Amino acid sequence: MVKKSAQLDLSTWQGMRTRDPRRLVLGAAQWGMPYGVANRDGEPEPSELSAMLSRARSAGVGEIETARSYGRSESNIGVAIDPSDGWRILTKLDAEAHRAGQGIGETLEGVMTSLEESRRALGTELLPVLMLHRFAHRHACGGRLWRMLLAERDAGRIGSLGVCTAKPEEAWAALEDPDIEVLQVAASLLDLRLYRQGFFSRARELGRTVYVHGVFLHGVALLDPRTLPTSMADLVSPMHAVRTCAARLGVDPRAVYLAFARELPSAHPIVGCETDAQITELLADWSSEAVDAASLTQLVDLLPTLEAGVLDPAQWNPADLTQRAGENQPGAASVATISV
């Protein structure tokens with residue numbers, strides 16, 4: 001059940017601790033497959049990935065978010081990272097480890113295969129953080145799937161267990177579940193649902209670790225709103241508002257979206273990147289004081305609470321994004337509609 005609570009006054013969380021680079025997480029979906037509506041570079045070459053990792057680690061970033069279902073992402077990470085650098089990897093169970101109508105035996109075999117393949121790809125026996133890719137799997141097979149993961153954790157082969165959620169209802173259900181240690185939820189200036197329900201304040205009270213994806217709404221927030229298809233018309237006005245605020249403050253709109261995620265209490269924003277130059281820009285935006293709390297609060301007060309149809313990539317019409325995918329990902333089909 002969705003909870004209601006007074007929304008956080010962003011000015012109460014402003015301070016240098018919010019800009020600690022250790023709160024940032026590198027999103028690695030596009031490191032193993034074409035991903036993101038605004039991705040013009042595709043999967044990074046090994047040399048580019050190494051440069052990105054080196055720059056981010058030197059700045060203090062220490063976590064990478066990947067998944068078994070992100071193509072070659074886990075394998076590329078396993079090759080690129082130096083174990084001595086101390087990276088903490090967050091990965092997810094194969095999204096297809098359980099399917100409707102699948103028997104318990106087949107499901108549990110799929111779970112074990114997914115875990116073994118993740119360990120092999122990442123070059124480690126211990127998976128520091130393992131999340132369910134689909135919240136529905138939390139109670140799959142009468143809870144047998146989850147109990148298998150608990151046994152793996154108790155045996156020391158998984159560090160922490162969590163779930164990735166796609167809807168506010170799932171996020172609240174996960175927050176209330178004592179077995180779930182880590183949550184991944186969607187939130188951004190364009191997706192204010194959890195923020196306005198008081199989710200992040202409540203998560204901080206409970207001491208839960210929360211990772212935030214969709215900071216740029218899978219790249220849509222970085223596009224020119226005039227190019228959006230009619231099915232995404234509800235995004236045009238709030239995107240223009242963000243751009244107006246950014247112009248007034250003299251920053252790129254990207255910095256405003258990131259500043260909002262930065263101010264969510266105790267949250268760890270996941271930011272996707274394909275190039276070393278993007279890492280440099282993101283780190284500069286993260287540490288910048290150009291977007292002040294007062295301006296951010298005023299902007300948030302102006303923005304609407306949008307509906308799931310325009311916020312959930314799983315509900316987007318792929319045909320609407322065909323032209324955009326062709327522009328941004330030459331030679332590759334768009335996977336922007338994959339739910340992460």
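The values are calculated or read from the model by the stated rules, or taken from the named source; none is laboratory data. No experiment lies behind these values; they were computed from the predicted model shown. As a convention, Cβ positions derive from the backbone with ideal geometry for all residues, glycine included, and neighbour counts pool all protein chains shown.
Any residue at all in the stretch 208-228 that's among the polar types (S, T, N, Q), in contact with a Pro (Cβ under 7 Å, 6 or more places away or on another chain) and under 21 Å from residue 310 (Cα atoms)?
no
May I ask you to verify whether residue 255 is touching an Asp or Glu at 6+ places or on another chain (Cβ under 6 Å) and closer than 18 Å to residue 225 by Cα?
In short, yes.
Residue check, residue 239 against (1) within 30 Å of residue 206 (Cα to Cα); (2) at pLDDT 95 or above, all met but one. Which one?
Unmet for residue 239, out of (1) within 30 Å of residue 206 (Cα to Cα); (2) at pLDDT 95 or above: (1).
In this structure, does residue 294 turn out to be in a helix (DSSP H, G or I) and either touching a Lys or Arg at 6+ places or on another chain (Cβ under 9 Å) or without any contact (Cβ under 8 Å) to a residue 12 or more places away in the chain (or both)?
no
Just one of the numbered conditions (1) under 19 Å from residue 162 (Cβ atoms); (2) modelled with pLDDT under 95 is not true of residue 77; which one?
Of (1) under 19 Å from residue 162 (Cβ atoms); (2) modelled with pLDDT under 95, only one is false for residue 77: (2).
Answer yes or no: is there a residue in the stretch 268-286 that is crowded, with 19+ Cβ neighbours inside 10 Å, modelled with pLDDT under 95 and aromatic (Phe, Trp, Tyr).
yes
Just one of the numbered conditions (1) part of a helix (DSSP H, G or I); (2) exposed (fewer than 15 other Cβ atoms within 10 Å of the Cβ) is not true of residue 114; which one?
Here residue 114 meets the rest and fails (2).
For the condition at pLDDT below 80, surrounded by 21 or more Cβ atoms within 10 Å (Cβ to Cβ), in a loop (DSSP other than H, G, I, E, B) and among the aliphatic types (A, V, I, L, M), what is the one hit in 37, 61?
Of 37, 61, the one residue that is at pLDDT below 80, surrounded by 21 or more Cβ atoms within 10 Å (Cβ to Cβ), in a loop (DSSP other than H, G, I, E, B) and among the aliphatic types (A, V, I, L, M) is 37.
Of everything in the stretch 117-128 that's in contact with a strand residue (DSSP E or B) (Cβ under 7 Å, 6 or more places away or on another chain) and closer than 15 Å to residue 75 by Cβ, which residue is surrounded by the fewest Cβ atoms within 10 Å (Cβ to Cβ)?
Per the criteria, the residue is 119.
To keep it simple, each residue is scored yes or no on (1) on the phi > 0 side of the Ramachandran plot; (2) surrounded by fewer than 16 Cβ atoms within 10 Å (Cβ to Cβ); (3) without any contact (Cβ under 8 Å) to a residue 12 or more places away in the chain; (4) in contact with a Ser or Thr (Cβ under 8 Å, 6 or more places away or on another chain).
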| position | (1), (2), (3), (4) |
| --- | --- |
| 135 | no, no, no, yes |
| 162 | no, no, no, yes |
| 167 | no, no, no, no |
| 176 | no, yes, yes, no |
| 182 | no, no, no, yes |
| 194 | no, no, no, no |
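Of all residues in the stretch 160-198, which are closer than 17 Å to residue 68 by Cα and of a type in the set (Gly, Ala, Ser)?
160, 162
From the list 192, 161, 90, exactly one residue is at pLDDT 95 or above and within 26 Å of residue 54 (Cβ to Cβ). Which is it?
90
Closer than 23 Å to residue 271 by Cβ and not basic (Lys, Arg): is that true of residue 79 in this structure?
Judged against the criteria, residue 79 is a match.
Of the conditions (1) surrounded by fewer than 16 Cβ atoms within 10 Å (Cβ to Cβ); (2) without any contact (Cβ under 8 Å) to a residue 60 or more places away in the chain; (3) not charged (D, E, K, R), residue 237 satisfies every one except a single condition; which number is it?
(2)
Name the one entry in 203, 221, 261, 246 that is touching an Asp or Glu at 6+ places or on another chain (Cβ under 7 Å) and buried (at least 19 other Cβ atoms within 10 Å of the Cβ).
So the residue among 203, 221, 261, 246 that is touching an Asp or Glu at 6+ places or on another chain (Cβ under 7 Å) and buried (at least 19 other Cβ atoms within 10 Å of the Cβ) is 246.
Cβ-Cβ distance below 7 Å, separation of 6 or more or different chains: which pairs start in the stretch 88-105 with a residue that is assigned to a loop (DSSP other than H, G, I, E, B) and end on one that is basic (Lys, Arg)?
These pairs meet every condition: 93/68; 94/68; 95/134.
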